[in-house]
Amino acid sequence: MNISRFNVDFGNSMYMNLIDGYYFEIPTNVVELSEEKAAGYFTSSIDDPEELLERLLISTTIDGKERFFLVGDIAEKEVLGNNHIKKLHNKVESHIPLVTFLAATAYYQAIKGKENNNEVTIEYFQTMLPIWLLKKLNKFSEMQERMAARFSGDHKVKVLTIGMEREININVKESKCRIESEVARWAIKKNFDLEDNKDAEQFKNYDVVLVDLGGGTDDLVLLPAGLKAPKNRDSFEYYTDVPFLSHLEDLRKNKLIEHFDEVRALEKFIYTNINKSKLERRDGNTGDTYDLTEPIKKSLKEYATIKITQSEGAFPAPKDSVYKYVYIGGVAPVIAESIKEVAEERYGRDIAENNHIVHPEARKVNLFGLEILSRAEEAKRKNTQTV
Ligand code: ADP
Ligand code: MG
């Protein structure tokens, strides 16, 4: 099968794909198994390709050795504790991005490809590296090229899930690596038809600080008026000192220990209930309900206060100019109401509304930025083909 646009966000908690406009996500869990354990792992067979997403067991050859991996939901219960919360993984070195990419391609082939055709050609693959990693490792472009090169060319992956066994050959013709958070500006500037976005007019005359609030890091980038490209290295900043998941872990330990056994459960409870009027937990065994609104909202407001303060401190504004702050990333919708409250208390409603903006597609806006770039690339390709 042929894939024209393959866009990927290797998040610390979720791996998100947009493949020729088809979206799916996989929890970023990868567990390596021995060959023997892999062979006996499943005892029953599946026949619906959709079910493969929850049962991804693959193998691939890395540095000449065949290795076996569980990926996504199925690996979740095998992941030990929450050790990964405080550990940020280096996506340029780690095998996790490559393994999840191979698993996702295999899944996509299973649901969309023809039964007897295991060749997958990807015209244009794109992913990103986060600012914290790029800044740490010095030369941005070198790192980006190294990351892009990992995906370029030929790959082989075997699906070992019983009922879905197959071997897939993947060829990536062109591979690019963009800067996470910075690439989101395209999704603010343009729509998917590559036309100017009306909503972006508010940024025509203002420098914008894009604040990407993730589970483990916060990445910030300063864009000149008109959502233009950042000027230089000093236009990028990141914070790793108060990660959202650590903040939630403190809340859990101090106030909610009898309600949540681990931080991931609390996190999920919050993002699935945050838009309801009350954050109520129902005990499945007793049927009792507990109203947890007060401690959770209080804690989210504390977090929003820290994040607004950090965002404002990242790039001190020249005296007579004002920045607009646009909050993106998965944590942004979770603390949207708190951001609004804190900004209103500090600056009044008008300034809060105009200068502290949570993007409506916050969680996916990086991926959408990639999608827009790949659509532009696709249009170029088609033009040169017809000439
Ligand atoms: P990163 O890019 O650092 O991996 P994200 O930007 O994906 O992080 O943000 C992760 C956070 O997004 C989680 O900690 C969670 O609180 C929040 N979140 C909001 N909605 C969802 C969702 N539907 N699924 C998973 N996480 C979500
Ligand atoms: Mg992210």
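For the chain, the relative contact order works out to 16 percent when only alpha carbon pairs closer than 8 Å and six or more residues apart are counted.
The length gained on full extension between Glu93 and Glu337, counted as 0.36 nm times the residue separation minus their Cα-Cα distance, comes to 84.1 nm.
Taken over the range 1-143, the alpha-carbon convex hull comes to 134 cubic angstrom per residue.
Ranked by the mean number of other Cβ atoms within 10 Å of their residues, highest first, the peptides 64-70, 46-52 come out as 64-70, 46-52. Applying D = kT/(6 pi eta Rh) to the chain, where Rh is the Kirkwood radius over alpha-carbon pairs, T corresponds to 4 °C and eta to 1.567 mPa s, the Stokes-Einstein value obtained is 58 µm²/s. May I ask you to give the solvent-accessible area per residue for the range 56-181, in square angstrom, as obtained with a 1.4 angstrom probe? Using a 1.4 Å probe on heavy atoms only, each residue of the range 56-181 averages 45 Å².
What FRET efficiency comes out for Glu353 versus Lys276 if R0 is 25 angstrom and r is the Cβ-Cβ distance? Round to the nearest 0.05. Result of the calculation: an efficiency of 0.60.
Translational diffusion coefficient of the range 138-198 (Stokes-Einstein, Kirkwood radius from Cα pairs, 37 °C, 0.692 mPa s): 221 µm²/s. The simple spin-label model puts a point 7 Å past each Cα toward its Cβ; for Lys114 and Ser152 those points are separated by 3.0 nm. Annotation: lysines with alpha-carbon distance below 22 angstrom to Lys136 (same-chain offsets under eight excluded): Lys86, Lys87, Lys91, Lys176, Lys231, Lys307. Under the simplified labelling scheme, the Ile46-Ile62 pair shows an inter-label distance of 2.2 nm, with each label point 7 Å from Cα along Cα→Cβ.
Excluding same-chain neighbours fewer than eight residues apart, the lysines reachable from Lys255 by a Cα-Cα span under 18 Å are Lys268, Lys278, Lys297, Lys298, Lys301.
The 3J(HN,Hα) values that the Karplus relation (6.51, -1.76, 1.60; θ = phi - 60°) gives for the range 367-375 are, in residue order, 4, 5, x, 4, 4, 5, 4, 6, 5 Hz. Gly and Pro appear as x. Among the lysines, which have Cα under 21 Å from the Cα of Lys158 when same-chain residues fewer than 8 positions away are ignored? Within reach: Lys37, Lys65, Lys112, Lys114, Lys173.
Summarising the label geometry, the points placed 7 Å from Cα in the beta-carbon direction at Glu344 and Lys253 lie 3.4 nm from one another.
Taking the Cα centre of the chain as reference, the dipole from Cβ charges on Lys and Arg (+1) and Asp and Glu (-1) amounts to some 960 debye. Rounded to the nearest 500, the 222 nm mean residue ellipticity of the chain from helices alone is -11000 deg cm²/dmol, with -39,500 (n - 2.57) taken per DSSP H run of at least 4 residues. In a fully extended conformation the segment linking Asp283 and Thr240 would gain 12.0 nm over its present Cα-Cα distance, using 0.36 nm per residue.
Taking a quarter of the surface of the Cα convex hull of the range 181-265 gives a mean projected area of 7.7 nm². Mean sequence separation of contacting Cα pairs (under 8 Å, at least six apart), scaled by the length of the range 147-232, corresponds to a relative contact order of 20 percent. Using the Kirkwood radius built from alpha carbon pairs, what does the Stokes-Einstein equation give as D for the range 129-280 at 37 °C and 0.692 mPa s, in µm² per second? D = 170 µm²/s. Across the range 150-199, Cα pairs under 8 Å and at least six residues apart give a relative contact order of 27 percent.
Computed from the C-beta positions of Glu145 and Ala225, the FRET efficiency with R₀ = 25 Å rounds to 0.25. Can you give the FRET efficiency for Ala39 and Glu174, using 1/(1 + (r/R0)^6), R0 = 35 Å, r = Cβ-Cβ distance, to the nearest 0.05? After rounding to 0.05, the efficiency reads 0.45.
The values are calculated or read from the model by the stated rules, or taken from the named source; none is laboratory data. Note that the coordinates shown come from a computational prediction; the quantities given were computed from them, not determined experimentally. With ideal geometry, Cβ positions are generated from the backbone for all residues, glycine too; neighbour counts draw on all protein chains shown. Just the protein is used for accessible areas: all its heavy atoms, side chains included, with ligands, DNA and RNA removed. Shrake-Rupley method; radii C 1.70, N 1.55, O 1.52, S 1.80 Å.
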